[in-house]
Structures are given as C-alpha cells and as structure tokens.
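Scroll down for the structure; my scribbles are underneath it.
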C-alpha cells in the first residue's frame, strides 16, 4: 500500500481522537448542567461512549498507520525511533507510548463506572457512581491533552 493511504489514516485517526475530545467536553458540560437529574446519567454514558470510540479508533489507527508509514520505503524516511535525526518524532513516539498506557487506565476506570451504573436501579446516580465517572473523565482529559500536544508536535515539528 502507498505511504499516502497510511498518512491519511493517521490524520483521520487524530481527527477522530480530537473530535472525541470535543464530544467528551460537551457531554461533561451537559452532565454538569443536569446534576441530580435522570439526564445526568444519560450524559455521563454519552461522554464515556464518545471517549471509548475516540480512544479506541484513534489509538488503533495511529498505531497501525504510524508503524506502516515508518516501514514503507516510499515517503519521508522517519524510521523507527530515529531520535538523533528527528528529536520531535522521538518525543512524539515516547509520548504516544505514555498515551497508550494511560488509555488502558482510562478504560479500566470507564469499566468501573459502567459496572456501578448497571448495579444502580434509580434514575439518578449515587455519589459513588459520580465519583467513578469523575475519575474516568479526569483520566480521559489527561489523555486528550497529551494527544493534543502530540498532534501539535506532528504539525509543527519544533525541534
């Protein structure tokens, strides 16, 4: 396959991840406005869904396309972890590995929230469910901010 195809998969994956960031912030804002109402639970679930889709598709797409771009003989010769020639890419790759680890923690926290919500029968959420969602959301925000930094490193190649 051509370098250009994987390049565009890479770009689309970042866009999907950044769109999930916007969706996550929107549903978190809606969650805050719907405090202690049945809609609060719905918005929390939408926020987790947005984050799950964005993180899974984004991370998988970037991992596959980035590996392919580094391996294909055509296109720029970034190479695998070529820190000496492309320091920005080295930082970007290390940051991406950190993001993948944090995505794992985010998924774990999201699962804990979903289990808690399933165990509750009321339309409104308990403080424990809110706390679990809040922890999952904060972890997602950290991931999203690192993805944003990673995106900017790729766009501007500062060093």
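Since every read-out is calculated from the coordinates, none of them should be taken as a lab result. Values in this document were obtained by computation on a predicted structure and should not be read as measured data. Here Cβ is always computed from backbone atoms with ideal geometry, including for glycine, and neighbour counts include all displayed protein chains.
State whether region 17-58 is rounded, prolate or oblate according to the following rule on the C-alpha gyration tensor (a ≥ b ≥ c being the square roots of its eigenvalues): a/c under 1.5 gives rounded; otherwise a/b larger than b/c gives prolate, and the remaining case gives oblate. Working shown, then result.
Numbers: a/c = 5.00, a/b = 2.17, b/c = 2.30.
Oblate is the answer for region 17-58, as a/c is 1.5 or above yet b/c matches or exceeds a/b.
Pairing the Cα long axis of helix 3-33 with the longest principal axis of the chain, what angle in degrees results, from 0 to 90 and rounded to the nearest 10? Relative to the chain, helix 3-33 is tipped by roughly 20 degrees. With N as its number of residues, region 3-156 has a Cα radius of gyration that, divided by 2.2 N^0.38 Å, comes to 1.20. Between residue 155 and residue 2, the FRET efficiency estimated from the beta carbon spacing at R0 = 25 angstrom works out to 0.70.
Specify the angular offset, from 0 to 90 degrees and rounded to the nearest 10, of the alpha carbon long axis of helix 38-71 from the longest principal axis of the alpha carbons in the chain. Tilt relative to the chain: about 10 degrees. Distance from the Cα centroid of region 82-134 to that of region 137-159 is 14 Å (rounded to whole angstrom). Prolate is the label for region 36-95, because the ratio a/c of its alpha-carbon gyration tensor axes (a ≥ b ≥ c) is 1.5 or higher and a/b is greater than b/c. Between residue 11 and residue 57, the modelled labels are 1.7 nm apart [label points 7 Å from Cα along Cα→Cβ].
Put in line by how crowded their Cβ is, counting other Cβ atoms within 10 Å and starting with the fewest, 69, 97 read 97, 69.
Helices in the chain, meaning DSSP H runs of at least 4 residues, each add -39500 (n - 2.57). Divided by all residues, the mean residue ellipticity at 222 nm is -29000 deg cm²/dmol.
The angle between the Cα long axis of helix 127-156 and the main principal axis of the chain comes to about 20°, on a 0 to 90 degree scale. Cβ crowding within 10 Å, taken as a proxy for footprinting-reagent exposure, orders 118, 109 from fewest neighbours to most as 118, 109.
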